[in-house]
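FYI, it's all coordinate maths here, none of it is from the lab. Computed from a predicted structure; not experimentally measured. No Cβ is skipped: glycine too gets one built from the backbone with ideal geometry, and neighbour counts run over all protein chains shown.
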Number of protein chains: 2
Amino acid sequence: MLRPHLAVVLVSGGMDSSVTAAIAATEYEPALMHVSYGQRTQARELRAFGAIADYLKAKHRLVISMDHLRLIGGSSLTDRRLPVPPADLTRADIPNSYVPFRNANLLSAAVSWAEVLGARAVYLGAVEEDSSGYPDCRASFVEAFSHAVREGTRPGSGISIVTPLIHMTKARIVKKGLALGVPFESTWSCYSREDVACGTCDSCCLRYRAFAEAGIPDPIPYHTIPAVS
Amino acid sequence: MLRPHLAVVLVSGGMDSSVTAAIAATEYEPALMHVSYGQRTQARELRAFGAIADYLKAKHRLVISMDHLRLIGGSSLTDRRLPVPPADLTRADIPNSYVPFRNANLLSAAVSWAEVLGARAVYLGAVEEDSSGYPDCRASFVEAFSHAVREGTRPGSGISIVTPLIHMTKARIVKKGLALGVPFESTWSCYSREDVACGTCDSCCLRYRAFAEAGIPDPIPYHTIPAVS
C-alpha cells in the first residue's frame, strides 16, 4: 500500500539530521529512523534522537542496530584503538572518522523501511562542501544511489532520496534550523564524548564554527571551546 | 592498504552463492560474508555457510546480523505471520518472499568490509531471468549500485561488484558448480524448512528444476518432490 504522505528520515540526533527532519516534517509525516552502529557516542545520540522525535511528535519511530559496522571497523568512530583525530578543517585527505560506506548502509535500511511503509521519500542530512570530505556525503554518491533505489525496489514504489542540506553551508543550516524551531540544545554532534562536547573533533569544530558564523551562541556545553577561524 | 588479491563474497549457503564463491576463488582469495537477517531458515543457512567456507578453506570469514530486516518485515521470509507461498514460476508479479531492498543492505555491508580489507571486488550470486523476479536481483540494479560504490567509497578503492551468474540459467549454474566441485549436498536453498527441503516454495522448485534440467540428481532430501515441468 502506498502512503505518499510518509517520508522516512534518518536521524542521528546531530544538528544536520535534526534540521533535515524538521524540513521533512514541513512536507511529509516523518517516519524517523535511528541507527546505532557501535559509534563512541551512541547512547548520547540515541537520547538526542528521542528528543527530536518527541519535538516533532513523530508517531513512526524505528531504532535499529548495525553492529556489523563496528565489527568491520576501519574508523576511529567504531574502533576504540584508533584515536579520534583533532580537527583539521583544511585537510585534503579523508580523516579516520570516516566509517567506510556508512551512508549506503543507512540508506539501504531506510529504503527497505520506506518500501514496506509505502513511503514516498527518504531524507538524509548529508552535507558535501562544508564538511569532513567523506565520499558517501557527496551529491554524486546520493544521485547514483537514488538510481539504484529506482532499479532495486518494486516497480511503482517511487522512493526518492532527498538531501536538502547537501549544498548548504553549516551556518545556513543553523539559521534554517532556528527558523523551524529545532531544539539545538537537545542535539548532539561530538564524535568522542557523551557528557560535554569535546570541542576538538572535526564535528565539534564544524558545528561551533557554524553557530559562530550564524552569529548565534551554540546552546550545548563544550569541554574546550573550539579554535575556529 | 590495498590487497587486490582479496574479494569479498556474500554467501547465504544456497546453490547460487556457493557456486559464486567457488568462481570467485578461481581468481581471488575469498573473504566470505554471511548475513543472518531473521529469515526462517537462518540456522540451517549458517550451517551451510560454514560447510562452504570449510570447503574453500577460507581464512577470512565474517558472520553478521541484520536484525533490522526482520523488524522492518514486509516479507514471508522474515515475518512469520505471512505464509511462504507455494511456487508459481510463471507468475508475473513479485512474490511475498521478496525482502524489500535486501540486496542493497547486503551489498552495502560487503562493500564496507571490502573497503576496510582493501579488497578489489564484491561477489553476489544474484540471478535475473531464471528466478523469482526480485527487483534487487536485476542486472540494472547491480549496475546502478556499482556506480554508487564508485562514488561513495575512498578514491582509489576500485571496488567492483561482480555477479557471474546474473544471466545464467539455473541448470547452467548447477553444471558450473559441479565442474568446480561445489559440495551441493551441503548447500541449503529452501525458504521454509530446516530439516528437509519443503519442495513447494519457489526456491525449492527453481533448484529442483535446475538439477533436473542439468540431468543430475539433487543430493539434498525433499519433503515433497517438486512438481516441475
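When only the Cβ of Lys, Arg, Asp and Glu is charged (+1, +1, -1, -1), the dipole of the protein assembly as shown relative to its Cα centre reaches about 420 debye. Within the same chain, lysines fewer than 8 places from A:Lys57 are excluded, and of the rest, those with a Cα less than 21 Å from its Cα are A:Lys176.
With the charge dipole of region A:6-214 set up from +1 on Lys and Arg Cβ and -1 on Asp and Glu Cβ about the Cα centre, the Cα lying farthest toward the positive end among the listed residues A:Val174, A:Leu6, A:Ser203 is that of A:Leu6. Normalised size of the protein assembly as shown, defined as Cα radius of gyration per 2.2 N^0.38 Å with N residues, equals 1.01.
Within the shell defined by Cβ-Cβ distances under 15 Å, the residues around B:Glu194 carry a net charge of +3, with Lys and Arg each +1 and Asp and Glu each -1. Here the 3J(HN,Hα) profile of region B:180-190, calculated from phi with Karplus coefficients 6.51, -1.76 and 1.60 at θ = phi - 60°, is 8, x, 5, x, 4, 5, 9, 8, 9, 10, 4 Hz, Gly and Pro shown as x. Show the residues, 5+ positions off or on another chain, whose built amide H is closer than 5 Å to the amide H of A:Ser192. It is A:Cys198, by chain and number. Placing +1 on each Lys and Arg Cβ and -1 on each Asp and Glu Cβ, with no other charges, gives region B:6-186 a dipole about its Cα centre of roughly 340 debye.
Near A:Tyr123, the amide H atoms lying under 5 Å from its own belong to A:Val8, A:Val9, A:Leu10, A:Val162; only residues 5 or more places off or on other chains count, and H is placed 1.01 Å from N. In this simple spin-label model, placing a label point 7 Å from the Cα along the Cα-to-Cβ direction at both B:Arg81 and B:Ala139 gives a separation of 4.0 nm.
The GluC sites (Glu not before Pro) found in region B:145-229 that occupy coil by DSSP, while having at most 15 further C-beta atoms within 10 Å, are B:Glu194.
For chain A, the relative contact order works out to 25 percent when only alpha carbon pairs closer than 8 Å and six or more residues apart are counted.
The phi torsions of region B:76-88, fed into the Karplus equation with coefficients 6.51, -1.76 and 1.60 and a -60° offset, translate into couplings of 5, 6, 10, 10, 5, 7, 9, x, 5, x, x, 4, 8 Hz, rounded to whole numbers, with Gly and Pro shown as x. The Cβ shell under 15 Å around A:Asn103 holds other residues with a net charge of -2, Lys and Arg each +1, Asp and Glu each -1.
Mean residue ellipticity at 222 nm from the helices of chain B, using -39,500 (n - 2.57) per DSSP H segment of n ≥ 4 over the full residue count, to the nearest 500 deg cm²/dmol? Result for chain B: -11000 deg cm²/dmol, rounded to the nearest 500. Mean partner shielding of peptide B:52-65, defined as the number of other chain Cβ atoms within 10 Å of each residue Cβ, is 1. Once both labels are positioned 7 Å from their Cα atoms along Cα-to-Cβ, the gap between A:Leu2 and A:His167 label points is 2.8 nm.
Counted by neighbouring Cβ atoms within 10 Å, the residues B:Arg207, A:Arg81 run from fewest to most as A:Arg81, B:Arg207.
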